Structure formats: structure tokens, C-alpha cells
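The values are calculated or read from the model by the stated rules, or taken from the named source; none is laboratory data. Note that the structure is a prediction, hence the values are computed from the model and not measured. Neighbour counts are summed over all protein chains in view; Cβ atoms, including those assigned to glycine, are modelled from backbone coordinates with ideal geometry. Protein only, heavy atoms only, side chains kept; ligands, DNA and RNA dropped before computing areas. Shrake-Rupley method; radii C 1.70, N 1.55, O 1.52, S 1.80 Å.
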Amino acid sequence: MEHFFATCPRGLEPALAAELAALGAHDIQPVDGGAAFAGDLALCYAANLESRVASRVLWQVGHAGYRNEHDIFEAARALPWTRFFDVGCTIRVNVSAIKSPVKSIDFVTLRVKDAVCDVFRAAHGKRPDVNTESPDVRIHAFLTREEVTFYLDTSGEALFKRGWRAAGGDAPLRENLAAGILKLTGWSSPTPLYDPMCGSGTFLIEAAMMALDAAPGLNRAFGLEKLVNFDGKAWQALQDKARARRKPAGLLPIHGSDKSGTVLGLARANLASTGLEGAVQLKQMDILDGSPPAGPGIVVMNPPYGERLGGEAELAAFYPKLGDALKQRYAGWTAYILTADLRLAKLIGLKASKRTPLYNGALECRLFEYRMMTGSMRREKSVIAKDEKEN
């Protein structure tokens, strides 16, 4: 039984824990920004290949108490790094801390790197090179007040980099955050899903991959492939099983639109790169002018803010119009709006039924849920409220 830690966007820890449980993980312990869990290396492989929410899967290879930087150095030097990866691999060391007494994280990072290199030099007479941009092996050290834990990153590049993005756009939504939001909405096919401000298509593609049961990690490489204990046959069997279960990409009840034809072109390029151009329906349309597809269903959007919509005055004028469009044309739908501009809650003119704090990278956001009632539901609620007031 090995011990692991999967990181994820803050706010999505319960969704990550549910994924890990479905994969067969043991001793799952969600904490802020991720979840610790236990299992064999096959589980680690599956978590990398299958998790839609995780950012990285870290394998715990060491743990020790410490009082100062020298203790951390000695703890790192005591680990059998040559059993984990070859001297020909390039490395990068990352150190993070919570309430640690050390004075300099950069100095600790340097000392951990020195310790790893000392182990290789003693065993082979040479040391691995450092590559901070695209290393073969990423080593993580996490410091608390009294303990240091060492991890090897089995993911390599962050897991939100699925390998399908042919075109980006302005500040694209991270793929694992989009997938996590879709899980929070409770959406599943054949319920209609519509993103009326789809940008480069992140919500649309993640939804299509969920509907087709497509493993998110099938089109990329992983850090685990660089490790000495990498089991190529087990990894290939896992990938083959994932490919075999993927459903054919027929037309799905997933719709997207954007008022910009240029931006919509980015979505088309990304859909084409995943072979989903025939599965998702796109249309050039301004949400303030057009109507949704046949519903009801789920509306999900990440409205552009900042430069794409202009200054604060333009945004302040836009939000009430967005609220009016939802009230007038989306009866019966449930809308989910992710935004980092918290003025939206006051200006949109709708009462949120739920507010979920989330983070897109370091950017603090909110996911607002709005249940758009039909005319009959509004009248019924109005009558009930009137009766309650009179009584």
C-alpha cells in the first residue's frame, strides 16, 4: 500500500474525493486543495489517466521531522533516490510550506536539490541535471511546522493539460475546473447542456468527454513513465481498456455559442483536435439577443470580464441585461455562472440558490446557481408568498 496526494482546484475537493473513491482508493482524506489517499501503483496510474478534477498525483516517498534547514537536507539525503529514477533524468525541485519556521523556501529548495544530487554522485559518480522548464522528474517537498514530506510527481505536466487544446484564447478556463463545475451542476447526458459564452469551448469539450466516457489522459504523456518502477505492460493495458470503452462520437445534446466569430473559430479548432466537431453544436449568437436550444436543461458559462468586455462601466451595464435575458428566455433551465467579478451577484438582478467558492489558478471566483422558474412556477410561488403574508 502506497500513499499519495492528489491536488485540485480549491473548492473541488469533494468532487475529487468522489472520483478517487470510484477508482478504488483507500483512506481518502480531503483537505484544502486536494486529497490524500492510499492504494497500489496501479491506482496511481488510474488516477492520472481517469481523474477529471485532479491537478497532479503525487507519490509520497519520504517523511521526517525537522527543526531547521539542515534537518531537511539530511532527511532528503537519506532517501534512496537512485531507486526511483535514473541519473540521466533531468529534475526540478518544488517546495511549499504551511506555518513552517524556515526563513527561505528558495534556500530549502536548493538544499533538497543538493541532497538528491549527493545521493546520485555517491552511487554513480555523477548527478542529474536540473531543468526547471520541462524536467523528466519533479520532486516536491511539503513543510508543516515540524514535518517534511517528500513526493515524486507522477503526473509530469499538470493534469488539466489534456493534450487536446489546439487554440487558447484570452485566459482560458482550466480544463479540470470546467470538469469539476460540470460535476457540481449534476449534469449528465441526455439532459441538454448549453454554454452561451463558450469562448474556446472548454466546458463543451469536457462535457462531451464525460458523455462519451472518454478518459481525459489518453492523449498525453505522464511523469510516471520516467520512473524506475514504471510498469509499461500494466499502463498499456489500462490505456487499452479506456480506449475500448469510449463511446463513438455521435451528436450530443451539448450546445455552445459566442457573439464573436473569431472566438467561435477557436472552439471549432479545439473540437476538431479531439474528433468532436460532429458531436457538439455551435452557433454564432449574442446571449442578450438569442434564445437557448430546446430545453429545459443546464446553462453553464464563464462570462468574460476585463479587457474583453471593456471597463467597469461596460460590465456594470452588462450584468443586468444578462439577468433579464435569463429571466425572459430560459424558463425551466438552471444556470451556473462562474465569475471572478463578485459585483455580478448584486447587479444581475437574480437570487442565487447556491454560491460555491472556487479558484481558477490563483484567481478567486464564485459559481452562482440560478434556478429559472417557468411562468406557472412564478405565479404559484407568488400566491404562496401572498398567502403566507396575509396569514
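At 7 Å along Cα-to-Cβ for each site, give me the label-to-label distance between Leu363 and Asp289 in nm.
In this crude label model, Leu363 to Asp289 measures out at 2.6 nm.
Considering only DSSP beta bridges where both residues belong to the chain, give the percentage that are antiparallel (nearest 5).
For the chain, the DSSP antiparallel bridge percentage is about 65.
Stretch Lys241-Ala158 to full length: gain in nm at 0.36 nm per residue minus the Cα-Cα span?
Details: separation 83, 0.36 × 83 = 29.88 nm, distance 2.30 nm.
Fully extending the segment from Lys241 to Ala158 adds 27.6 nm.
So, by mean Cβ neighbours within 10 angstrom, what's the order for 198-209, 237-248, 271-282, 54-65 with the highest one leading?
So the peptides 198-209, 237-248, 271-282, 54-65, ranked by packing, come out 198-209, 54-65, 271-282, 237-248.
For Trp333, enumerate residues with amide H under 5 Å from its amide H, sequence gap 5+ or separate chain, H modeled in the peptide plane.
Gly297, Met372
Under a plain spin-label model, where a point goes 7 Å from the Cα along Cα-to-Cβ, how far apart in nm are Ser260 and Glu133?
2.8 nm
Whole angstrom only: what separates the Cα centroid of segment 12-28 from the Cα centroid of segment 74-109?
Taking the Cα centre of segment 74-109 as reference, the centre of segment 12-28 is 27 Å away.
Expressed as a whole percentage, what fraction of the accessible surface of the chain belongs to carbon and sulfur atoms when a 1.4 Å probe is rolled over the protein heavy atoms?
It is 50 percent, rounded to a whole number.
Hey, can you grab everything whose amide H is under 5 Å from the amide H of Val95? Only 5+ residues off in sequence or another chain; H modelled, so Pro and N-termini drop out.
Here the answer is Ala141, since their amide H atoms fall under 5 Å of that of Val95.
Between Ala269 and Asn219, take the C-beta separation as r, use R0 = 25 Å, and let me know the FRET efficiency to the nearest 0.05.
For R0 = 25 Å, the calculated efficiency reads 0.95.
So I have (1) 40; (2) 36; (3) 46, and one of them is percent of Cα pairs over 33 Å apart calculated from this model. Which one is it?
Of the listed options (1) 40; (2) 36; (3) 46, (1) comes from this structure.
Can you flag which of Lys321/Lys354; Lys283/Lys346; Lys183/Lys241; Lys321/Lys351; Lys327/Lys354 are past 26 Å Cα-Cα? Write out the running numbers ahead of the final one.
Working: Lys321/Lys354 21 Å; Lys283/Lys346 30 Å; Lys183/Lys241 23 Å; Lys321/Lys351 15 Å; Lys327/Lys354 17 Å.
The answer is Lys283/Lys346.
When ligands, DNA and RNA are left out and all protein chains stay put, how many square angstrom of accessible area per residue does the chain have with a 1.4 Å probe?
The answer is 47 Å² per residue.
Mean projection of the alpha-carbon convex hull of segment 161-201 over all orientations, in nm²? Walk me through the intermediate numbers first.
Details: hull surface 13.8 nm².
Result: 3.5 nm².
Under 8 Å for C-alpha pairs, at least 6 residues apart: give me the relative contact order for the chain, rounded to a whole percent.
14 percent
Using 0.36 nm per residue, how much length does the chain from Gln328 to Lys126 gain when fully extended, once their Cα-Cα distance is taken away?
Gain in length upon complete extension: 65.7 nm.
Treating only the Cβ atoms of Lys and Arg (+1) and Asp and Glu (-1) as charged, compute the dipole magnitude of the chain about its Cα centre; round to the nearest 20 debye.
Here the size comes out at about 640 debye.
Across every pair of different alpha-carbon atoms, what Kirkwood hydrodynamic radius in Å does segment 111-247 reach?
18.3 Å
Summing Lys, Arg as +1 and Asp, Glu as -1, what charge do residues with Cβ under 13 Å from the Cβ of Tyr45 carry, Tyr45 excluded?
On the way: positive: Lys233, Lys241; negative: Glu2, Asp40, Glu50, Glu225, Asp231, Asp240.
Residues near Tyr45 contribute -4 overall.
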